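K.L.:
Please see the structure below; I have some questions.
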Amino acid sequence: ETGVTQTPRHLVMGMTNKKSLKCEQHLGHNAMYWYKQSAKKPLELMFVYNFKEQTENNSVPSRFSPECPNSSHLFLHLHTLQPEDSALYLCASSQEQRGGGDTQYFGPGTRLTVL
Amino acid sequence: AQTVTQSQPEMSVQEAETVTLSCTYDTSESDYYLFWYKQPPSRQMILVIRQEAYKQQNATENRFSVNFQKAAKSFSLKISDSQLGDAAMYFCAYRSKETSGSRLTFGEGTQLTVNP
């Protein structure tokens, strides 16, 4: 248990559905991240929220919409996804300082299947 | 941009033996972190060990140790007395220390099998 939880753990959705992934960290961290892990590919960073502000969007399609209402919670809203979006979505958090960052701790992931 | 390379897609080791996983990286920065993460079949990404670039001493965590060669940009992981529970995908990762909220750059991973 790393102190980062994700729900749901598994999600199957059709291409026309709208769903949301939730991440919560209990570590008192101030930065949160969404990563995508597809089969046979390195982990790809999707979004970064640093001090609750989105500081990076790694050219992610608009059908993925992040939301960070506070420093402990991070959502990923999904809409009109494609089958190639099927992957493991990992959330992470870290404690950042203005001059730099440190270790990122990961949640267990949400396994997403788009039919 | 930084890159991380793991040249061994798969490795195997006998239980109780020692195995070394390789990692090289490319960066123009002088201050950064390097990590090894383990991802077992449960898919949870677990931190194994962390190294700060400015520390010359190699990091050690129980049976896990690293050989950090900054000039060569090499960061290998040694697992001693391998156990069945060590079987997992191992990822080497780089992170800038100079920028707040910076990304982790991961290698492609090495799948480690431990044979009883």
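K.L.:
Looking only at other chains, what is the average number of their beta-carbon atoms within 10 angstrom of each beta-carbon in A:39-47?
P.N.:
Mean partner-chain Cβ count within 10 Å for A:39-47: 4.
K.L.:
Ignore the peptide's own chain and count Cβ atoms of other chains within 10 Å of each Cβ in A:104-110; give me the average, rounded.
P.N.:
Mean partner shielding for this stretch: 5.
K.L.:
OK, next. For segment B:10-78, what's the relative contact order in percent, using C-alpha pairs closer than 8 Å and at least 6 residues apart?
P.N.:
Here the relative contact order equals 32 percent.
K.L.:
Further question: Let me check I've understood the local charge: for A:Gln37, count other residues with C-beta under 11 angstrom from its C-beta, Lys and Arg +1, Asp and Glu -1. What total comes out?
P.N.:
Charge balance in the 11 Å sphere: +4.
K.L.:
Right, something else. How about segment B:36-61: which of its residues lose at least 10 Å² of accessible area in the presence of all protein chains relative to their chain isolated, using a 1.4 Å probe?
P.N.:
The answer is B:Tyr37, B:Gln39, B:Ser42, B:Arg43, B:Gln44, B:Met45, B:Leu47, B:Arg50.
K.L.:
Right, another one. A:Thr55's amide H: which non-local residues (gap 5+, or another chain) put their own amide H closer than 5 Å, with H modeled 1.01 Å from N in plane and none for Pro or chain starts?
P.N.:
Under 5 Å from the amide H of A:Thr55: A:Val48, A:Tyr49, A:Asn50.
K.L.:
Could you give me the percent of Cα pairs per 10 Å distance bin for the protein assembly as shown, shortest bin first, beginning at zero and ending with the bin that holds the maximum distance?
P.N.:
Spelled out bin by bin, the protein assembly as shown gives 8, 32, 35, 20, 5, 0 percent.
K.L.:
Continuing with this model, one more query. For B:Thr113, what is the net charge nearby, where nearby means another residue's Cβ is under 10 Å from its Cβ and Lys, Arg count +1, Asp, Glu -1?
P.N.:
Charge balance in the 10 Å sphere: -2.
K.L.:
Any idea what the relative contact order of chain B is, in percent, if you count C-alpha pairs under 8 Å spaced at least 6 apart?
P.N.:
37 percent
K.L.:
Could you give me D for chain A, from Stokes-Einstein at 25 °C and 0.890 mPa s, where the hydrodynamic radius is the Kirkwood radius over C-alpha pairs? Units µm² s⁻¹, please.
P.N.:
173 µm²/s
K.L.:
State the answer as a single residue: which of B:Asn62, B:Ala88, B:Ser28 lies farthest towards the positive end of the charge dipole of chain B, with beta carbon charges of +1 for Lys and Arg and -1 for Asp and Glu, about the Cα centre.
P.N.:
It is B:Ser28.
K.L.:
If you roll a 1.4 Å probe over the heavy atoms of the protein chains, what accessible area per residue do you get for the protein assembly as shown, in Å²?
P.N.:
47 Å²
K.L.:
Another question about this same structure. Taking the Cβ of B:Thr60 as the center, what net charge do the other residues with Cβ under 14 Å away carry, scoring Lys and Arg +1 and Asp and Glu -1?
P.N.:
That works out to +1.
K.L.:
Say the dipole of the protein assembly as shown comes from +1 at the beta carbon of Lys and Arg and -1 at that of Asp and Glu; which of A:Pro69, B:Pro116, A:Met32 then lies farthest toward its positive end?
P.N.:
A:Pro69
K.L.:
Can you tell me the mean projection area, over all orientations, of the convex hull of chain B's alpha carbons? Units nm², please.
P.N.:
Projected area, direction-averaged: 7.0 nm².
K.L.:
Between B:Pro41, B:Gln2, B:Ser76, whose Cα lies farthest towards the positive end of the dipole of chain B when Lys and Arg beta carbons carry +1 and Asp and Glu beta carbons carry -1, centred on the Cα centre?
P.N.:
The listed residue farthest towards the positive side: B:Gln2.
K.L.:
Using every alpha carbon pair in segment B:52-116, what percent of pairs falls into each 5 Å bin from 0 up to the bin containing the largest distance?
P.N.:
In whole percents, the pair-distance histogram is 4, 14, 20, 24, 20, 12, 5, 2, 0.
K.L.:
For chain A, calculate the relative contact order in percent as a whole number, restricting contacts to Cα pairs under 8 Å that are 6 or more residues apart.
P.N.:
37 percent
K.L.:
Something else now. Distance between Cα centroids, segment A:52-88 to segment B:45-88: provide it in whole Å.
P.N.:
32 Å
K.L.:
Computed FRET efficiency, Cβ-Cβ of B:Gln83 and A:His73, R0 35 Å: what is it to the nearest 0.05?
P.N.:
Efficiency computed from Cβ-Cβ geometry: 0.45.
K.L.:
Next question, about the same structure. Of A:Lys41/B:Lys97; A:Lys18/B:Lys97; A:Lys52/B:Lys38; A:Lys22/B:Lys38; A:Lys19/B:Lys78, which sit over 30 Å apart, Cα to Cα?
P.N.:
Listed pairs above 30 Å: A:Lys18/B:Lys97; A:Lys19/B:Lys78.
K.L.:
Let me know the mean shielding of A:52-61 by other chains, meaning the per-residue number of their Cβ atoms within 10 Å of its Cβ.
P.N.:
That works out to 1 on average.
K.L.:
For chains A and B, what's the summed buried accessible area, probe 1.4 Å, to the nearest 100 square angstrom?
P.N.:
2000 Å²
K.L.:
Looking at segment B:56-116, which GluC sites (Glu not before Pro) are in a loop (DSSP not H, G, I, E or B) and have at most 14 other Cβ atoms within 10 Å?
P.N.:
When the GluC sites (Glu not before Pro) of segment B:56-116 are filtered for loop state and at most 14 Cβ neighbours within 10 Å, B:Glu98 remain.
K.L.:
Here's a follow-up. Considering chain B as a Gaussian network with a 10 Å cut-off on Cα pairs, which listed residue, B:Gln56, B:Gln83, B:Gln39, attains the greatest mean-square fluctuation?
P.N.:
B:Gln56
K.L.:
Ok, one more. Only four residue types carry charge here, +1 at the Cβ of Lys and Arg and -1 at the Cβ of Asp and Glu. Report the dipole size of chain A about the Cα centre in Debye, rounded to the nearest 20.
P.N.:
360 debye
K.L.:
Another question, then. Taking amide hydrogens as modeled 1.01 Å from N in the peptide plane, which residues meet the under 5 Å criterion relative to B:Tyr32, leaving out close sequence neighbours?
P.N.:
Sorted by chain and number, the residues that satisfy this are B:Ala53, B:Tyr54, B:Lys97.
K.L.:
Roughly how many debye, to the nearest 20, is the charge dipole of segment A:5-71 about its Cα centre, given +1 on each Lys and Arg Cβ, -1 on each Asp and Glu Cβ, and no other charges?
P.N.:
Here the size comes out at about 360 debye.
The values are calculated or read from the model by the stated rules, or taken from the named source; none is laboratory data. Please read these numbers as outputs of a predicted model, since none were measured by experiment. Here the Cβ is made from the backbone with ideal geometry for all residues, glycine too, and neighbour counts use every protein chain on show. To get the accessible areas, we keep the full protein, side chains included, count just its heavy atoms, and leave off ligands, DNA and RNA. Shrake-Rupley method; radii C 1.70, N 1.55, O 1.52, S 1.80 Å.
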